[in-house]
Amino acid sequence: MAKILIAASPGPRQLVERMLAGHELYGAESMEQAQQSLCEGSYDLIICTLLFDESKMFDLLRHAKSLPEWQPVPFVCARVKSHLQWSSIALKAVEFTCQALGAAAFLDIDNYPTDTVREMGKAIERFLACN
């Protein structure tokens with residue numbers, strides 16, 4: 001059982017929690033809460049959704065990777081709501097930026113069309129297995 005910080009608003013967080021059932025999950029709904037969680041705890045994985053706290057995913061990623069103790073911890077960026085239309089170019093730019101800032105991956109819910117919760121959950125679990 002891994003200890004995982006989920007930086008997301010309530011709706012997306014609930015979806016990620018279903019994906020990662022069985023782990024010790026902690027939520028942060030704002031940048032301030034996420035930064036406080038990083039100061040107070042240790043986690044095996046950080047997952048942050050694309051629209052976290054008014055699109056502060058990159059800010060949290062940059063912050064986490066600037067701290068030496070968090071550099072080895074996988075940080076997974078994720079798009080878990082596909083109701084917003086994003087062009088493939090925009091999503092590639094997001095993926096590239098995530099990688100450039102040190103994320104382990106950018107996962108897009110649209111890449112898991114059959115059984116979203118199970119398939120995307122397995123993709124996230126792979127980062128725990130490698131760590």
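Taking the conditions (1) surrounded by fewer than 16 Cβ atoms within 10 Å (Cβ to Cβ); (2) closer than 20 Å to residue 2 by Cβ in turn, residue 43 satisfies each one other than (1). Is it the case that some residue within segment 90-106 is modelled with pLDDT under 95 and outside any helix (DSSP H, G or I)? No, the conditions are met nowhere in segment 90-106.
Screening the candidates 61, 38, 15, 25 for the property of being surrounded by 13 or more Cβ atoms within 10 Å (Cβ to Cβ) and part of a strand (DSSP E or B) yields one hit, 25. Taking the criterion of being more than 13 Å from the chain's Cα centre (by Cα) and not small (Gly, Ala, Ser), the residues of segment 1-13 that qualify are 1, 3, 10. The residues of segment 65-89 that are out of contact with any Leu (no Cβ under 6 Å at 6 or more places or on another chain), in a loop (DSSP other than H, G, I, E, B) and surrounded by 12 or more Cβ atoms within 10 Å (Cβ to Cβ), listed by number, are 67, 73, 81, 82, 86. Taking the conditions (1) part of a helix (DSSP H, G or I); (2) closer than 15 Å to residue 80 by Cβ in turn, residue 6 satisfies each one other than (1).
The single condition among (1) closer than 19 Å to residue 27 by Cβ; (2) modelled with pLDDT under 95 that residue 74 does not meet is (2). Please verify whether residue 49 is among the polar types (S, T, N, Q), buried (at least 16 other Cβ atoms within 10 Å of the Cβ) and within 21 Å of residue 31 (Cβ to Cβ), treating the condition exactly as stated. In short, yes. Just so you know, in segment 107-131 the residues that are part of a helix (DSSP H, G or I) and of a type in the set (A, V, I, L, M) include one that is farthest from the chain's Cα centre (by Cα), and it is 129.
The values are calculated or read from the model by the stated rules, or taken from the named source; none is laboratory data. Because the structure is predicted, anything quoted here is derived from the model rather than measured. When we count neighbours, we look across all protein chains shown, and the Cβ atoms used for this are built from the backbone with ideal geometry, even at glycine.
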